[in-house]
Amino acid sequence: MTVGNLRLAVLPLMAALSFGCTSSTPMIDTGPDAVVTFDGLHKVKGSSADEAWARPGLDLSGYSKIKLQSAGIEYRPGGEKRRSWPARTGGETYEVTESQKERLRTILAEAFRDELGKSDRFTLVNESGPDVLLIRGALLDVVSYVPPEPIGRVDIYLRSVGEATLVLEIRDSITDAILVRVVDRKAAEDIGGTLRRSNRVTNAAEVRRLAKRWASALRKGLDEFAGPVN
């Protein structure tokens with residue numbers, strides 16, 4: 001594959017993994033001044049994700065299966081009423097309970113497994129192999145804007161229930177070599193930007209919406225980039 005064809009080939013994957021609209025076309029920077037990570041990935045220009053890198057020469061045509069792996073969830077240190085930074089909502093952050101952590105783990109796992117299970121190109125598996133891509137995801141610096149449940153008839157309305165940074169890596173499952181890395185920070189908020197009553201059902205729905213958005217972008221990007229099944 002020539003360099004020109006390679007750059008055209010990676011566009012669908014990079015665009016889908018941008019997790020949002022961008023006015024420019026995503027492109028792997030392979031120029032003499034390209035920013036290269038310690039593990040050989042080149043910065044992707046034009047991505048609306050906070051950061052994106054990919055390996056030059058990227059070719060997923062030999063892969064037909066996906067193995068999902070969680071790299072864990074990390075929460076911002078602190079307790080009740082610690083001010084969030086960067087302040088995207090102007091709200092205050094609160095301690096995340098063990099039950100909330102378990103719900104978040106379940107929502108993320110279900111969203112990615114359900115969305116990737118819809119792939120037209122890849123099959124979900126549990127074992128590594130020469131035709132298996134390893135999708136490894138971590139959620140970092142998770143903060144919650146959801147205060148403890150009030151006592152009595154007091155309604156709480158929130159525009160955002162929290163925010164987190166997704167670090168997503170696409171690897172070869174045999175060598176563990178990283179092919180693509182995307183870092184994206186988003187808030188789990190009502191799309192219309194309106195205040196919404198806070199309870200377990202509505203809060204979980206907003207988190208599920210964000211998780212599905214990430215997972216759907218990954219599935220569409222992989223399917224389009226890898227091409228049709230032979």
If you take the residues in segment 34-43 that are at pLDDT 85 or above and part of a loop (DSSP other than H, G, I, E, B), which one is farthest from Val180 (Cα to Cα)?
Phe38
Within segment 191-202, residues modelled with pLDDT under 75 and either surrounded by 17 or more Cβ atoms within 10 Å (Cβ to Cβ) or of a type in the set (Ser, Thr, Tyr) (or both) come out as Thr194, Arg196, Ser198
First in segment 47-63 and farther than 10 Å from Val183 by Cα and among the hydroxyl-bearing types (Ser, Thr, Tyr), second anywhere and crowded, with 16+ Cβ neighbours inside 10 Å and modelled with pLDDT of 80 or more, Cβ under 6 Å, 6 or more apart:
Tyr63/Leu133
Which condition from (1) of a type in the set (Gly, Ala, Ser); (2) modelled with pLDDT of 90 or more; (3) under 21 Å from Pro148 (Cβ atoms) is the one that Gly78 breaks?
(2)
Any residue at all in segment 98-120 that is in a strand (DSSP E or B) and either closer than 16 Å to Val201 by Cα or of a type in the set (A, V, I, L, M) (or both)?
no
What do you reckon, is Arg88 exposed (fewer than 15 other Cβ atoms within 10 Å of the Cβ), modelled with pLDDT under 75 and at negative phi?
no
Can you tell me which residues in segment 208-230 are in contact with a helix residue (DSSP H, G or I) (Cβ under 8 Å, 6 or more places away or on another chain), hydrophobic (A, V, I, L, M, F, W, C) and modelled with pLDDT under 75?
Phe225
Inside segment 117-155, can you point out the residues that are more than 21 Å from Gly221 (Cα to Cα), at pLDDT 90 or above and among the basic types (Lys, Arg)?
none
Given the criterion surrounded by fewer than 17 Cβ atoms within 10 Å (Cβ to Cβ), modelled with pLDDT of 70 or more and within 18 Å of the chain's Cα centre (by Cα), identify the matching residue among Ala177, Ala205.
Ala205
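The values are calculated or read from the model by the stated rules, or taken from the named source; none is laboratory data. Keep in mind it's a predicted model, so treat the numbers as computed, not measured. Don't worry about glycine lacking a Cβ; one is built from the backbone with ideal geometry, like all the others, and counts go over all protein chains shown.
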